[in-house]
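This report concerns only the one structure given below.
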Amino acid sequence: MNSVITGNFRPAFFPSQLSKNSARFLFRPFTTLVFTRSLTAKVRAFVETKPTAPIAVEKEESGGGGGGSSSCGLACPICYNPLTVISDSPIYVGSTVGSNLQCNTCKKTYSGTQTHLDLVASSGSKQYDESMPLATELFRTPVVSFLYERGWRQNFVFGGFPGPEKEFDMAKNYLKRVLGGKIVDASCGSGMFTRLFAKSGLFSQVIALDYSENMLRQCYEFIEQEENFPKEKVTLVRADISRLPFESSSIDAVHAGAALHCWPSPSTAVAEISRVLRPGGVFVATTYIFDGLFTFLPFVNTFRQNMMGIAGSYFAVSERELEDLCRTCGLVGFTCMRNGPFAMISARKRSS
């Protein structure tokens, strides 16, 4: 395991609870007790890696569309068999309204809205409804979705996050093996990394995936405001991270920015990511690791269990914990880059 820790930090409490005061919506919940650094400190983080030969990437025509055409690797979240586009509407950004995809096995049909394709298992239900854990439901609200890129995400700097542009550059170092392939931006939120991936031209297709309808609407609106944006390369999909709507071994890379600690079951999510990755495919994620003095607190394990039970959020207390998570889900070559509590991890699916 490669690990680099940089930056000077001092103990501090990080606000974690929302209140009626709208100003406090600028802080992300469920990220309690982290260490912060001086605002003037620069992030200098790197990982020394051996050169690796890029894996063979099967390029597919992006966008899809047309009656009876392939849906570029999208699959039924119930049976995981391929979906077929049965309408004349393409499935890239701005064209999903009226799109219909059908599973040839279970015959279920999935529809598109103006902003995204709805590929959750309960899609189309009229009477049944279910709520997710508190951490997930919070990000489905219109106010949090609106504020995410308007102050909320910027405050992650206090937890060691270097900022989206720097994080994007760091992630690219791990993704060199799969350039030109298909990448999923899992738990994409309002799409800040989706836009960076698409505009970089490094991937043939970018799939922005989130459970929150409101986050996907924000993602759509930000894309619509961009000039000369390559919409034909981007598809917005509503889906459950624990039930990914992709065929097995069909995705070249999965990126999850500041999301792993919000997943109700990280092991189920990472196992799904492992399933959909091609052999040699890469998983890159950023999250928090609350190690150091925090691990000596006598109630830490009980606190973690209560957080997962009540809010549905998870936090790691060591790099080895995340390495073990990836290993048990079939991923190898784990690396971790640190800046205080901030961690960027990477692992890959074993090549055939």
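The values are calculated or read from the model by the stated rules, or taken from the named source; none is laboratory data. Everything numeric in this text was worked out from a predicted model, so none of it was measured. Because the Cβ atoms are built from the backbone with ideal geometry, glycine has one as well, and the counts that use them run over all protein chains shown. Only protein heavy atoms, including side chains, enter the accessible area calculation; ligands, DNA and RNA are left aside. Shrake-Rupley method; radii C 1.70, N 1.55, O 1.52, S 1.80 Å.
Taken over region 84-113, the criterion of being within 24 Å of R195 (Cβ to Cβ) and within 25 Å of the chain's Cα centre (by Cα) is satisfied by P90, I91, Y92, V93, G94, S95, T96, V97, S99, G112, T113. Which one is nearest to R140 (Cα to Cα), of the residues in region 173-186 that are touching a Leu at 6+ places or on another chain (Cβ under 8 Å) and open to solvent by less than 10 Å² (accessible area, probe 1.4 Å)? Filtering region 173-186 for residues that are touching a Leu at 6+ places or on another chain (Cβ under 8 Å) and open to solvent by less than 10 Å² (accessible area, probe 1.4 Å), the one nearest to R140 (Cα to Cα) comes out as A186. Condition check for L119 on (1) out of contact with any Pro (no Cβ under 7 Å at 6 or more places or on another chain); (2) under 23 Å from S248 (Cα atoms); (3) at pLDDT 95 or above: one failure, at (1). G189 passes every criterion in (1) open to solvent by 40 Å² or more (accessible area, probe 1.4 Å); (2) within 14 Å of the chain's Cα centre (by Cα); (3) of a type in the set (G, A, S) apart from (1). Candidates are the residues of region 192-220 that are over 16 Å from the mean Cα position of the chain (by Cα) and farther than 26 Å from P77 by Cα; the one that is surrounded by the most Cβ atoms within 10 Å (Cβ to Cβ) is L202.
Answer with yes or no whether M215 is under 22 Å from T115 (Cα atoms) and in a helix (DSSP H, G or I). For M215, the condition - under 22 Å from T115 (Cα atoms) and in a helix (DSSP H, G or I) - is met.
Give the residues of region 221-236 that are open to solvent by less than 50 Å² (accessible area, probe 1.4 Å), over 18 Å from the mean Cα position of the chain (by Cα) and closer than 26 Å to F161 by Cβ, sorted by residue number. Answer for region 221-236, where residues must be open to solvent by less than 50 Å² (accessible area, probe 1.4 Å), over 18 Å from the mean Cα position of the chain (by Cα) and closer than 26 Å to F161 by Cβ: just F229. Of the residues in region 231-252, not one is modelled with pLDDT under 95 and assigned to a loop (DSSP other than H, G, I, E, B). Remark: pairs (first residue in region 237-254, farther than 21 Å from R217 by Cβ and open to solvent by 10 Å² or more (accessible area, probe 1.4 Å); second residue in a loop (DSSP other than H, G, I, E, B) and not polar (S, T, N, Q); Cβ separation under 6 Å; 6+ apart in sequence or on different chains) = R243/P77; R243/A121.
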